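The values are calculated or read from the model by the stated rules, or taken from the named source; none is laboratory data. All values derive from a computational prediction rather than experimental measurement. All Cβ positions, glycine included, derive from the backbone under ideal geometry; neighbour counts span all protein chains shown.
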Amino acid sequence: MPLRIEGAVLSQATLTFEDLAALPDQIADISDHIPGRNDGGVLLRSVLNRAGLKPNVTHLTCESTDGGFSSSVPLSAVREAIIAYRLGDAPLPADKGGPIRFYIPDAAACDAAEVDQCANVKYLGRLILSVGARYDTRPQSPEEHAELHPHHDDEGSSG
């Protein structure tokens, strides 16, 4: 499934596995950035450079492929994020959150902060750039966190 880039960009894009693999700033093994992970990916900045940003963009909304989970975070706080899309030379499998997954290195523990581990998104389908925050379905209470993380996902991500 491709990744769509929409909103306040100069050129909306739909990026396939091959398109992502052709971008600069590839990371063969993201474990140096995110311990415990062995997927490969590309830095978010390369994906954003491909689409180009309109002036005054402040936020990035990451949305799962089914639209059921989203996080809207300040773009300035996630410039070093990683788009994971492969395991070796193959697409990232669904049991690893693929085919595309959004990671924020050094995100704060899930505590409903602006940029926390719950801002990481499995099954990523769209990146939406905007001026101001958009919809965000991350948990906002301890009870909602417990429901989202019944077994406390040791991979540090949601969605």
Checking the structure you have, find out if any residue of the range 108-122 is at pLDDT 90 or above and closer than 16 Å to Thr16 by Cα.
no
In the range 75-89, residues that are over 13 Å from the mean Cα position of the chain (by Cα), not aliphatic (A, V, I, L, M) and not in a helix (DSSP H, G or I) total 3
Taking the residues in the range 67-107 that are among the acidic types (Asp, Glu) and under 18 Å from Ala119 (Cβ atoms) as candidates, determine which candidate is surrounded by the most Cβ atoms within 10 Å (Cβ to Cβ).
Glu80
Which numbered condition trips up His33, out of (1) under 11 Å from the mean Cα position of the chain (by Cα); (2) modelled with pLDDT under 95?
(1)
Ala77 - would you say it is at pLDDT below 95 and touching a helix residue (DSSP H, G or I) at 6+ places or on another chain (Cβ under 6 Å)?
no
Is it true that some residue in the range 22-41 is aliphatic (A, V, I, L, M), outside any loop (DSSP other than H, G, I, E, B) and closer than 25 Å to Asp136 by Cα?
no
Considering only the range 36-54, I want to know if a residue exists there that is at pLDDT below 95, loosely packed, with under 15 Cβ neighbours inside 10 Å and farther than 17 Å from Ala8 by Cβ.
yes
Which residue is farthest from Ile34 (Cα to Cα), if the candidates are limited to the range 50-68 and must be outside any strand (DSSP E or B) and either β-branched (Val, Ile, Thr) or in contact with a helix residue (DSSP H, G or I) (Cβ under 9 Å, 6 or more places away or on another chain) (or both)?
Val57
Look through Ser31, Ser11, Ser46 and report the one residue that is closer than 17 Å to Leu124 by Cβ and among the hydroxyl-bearing types (Ser, Thr, Tyr).
Ser46
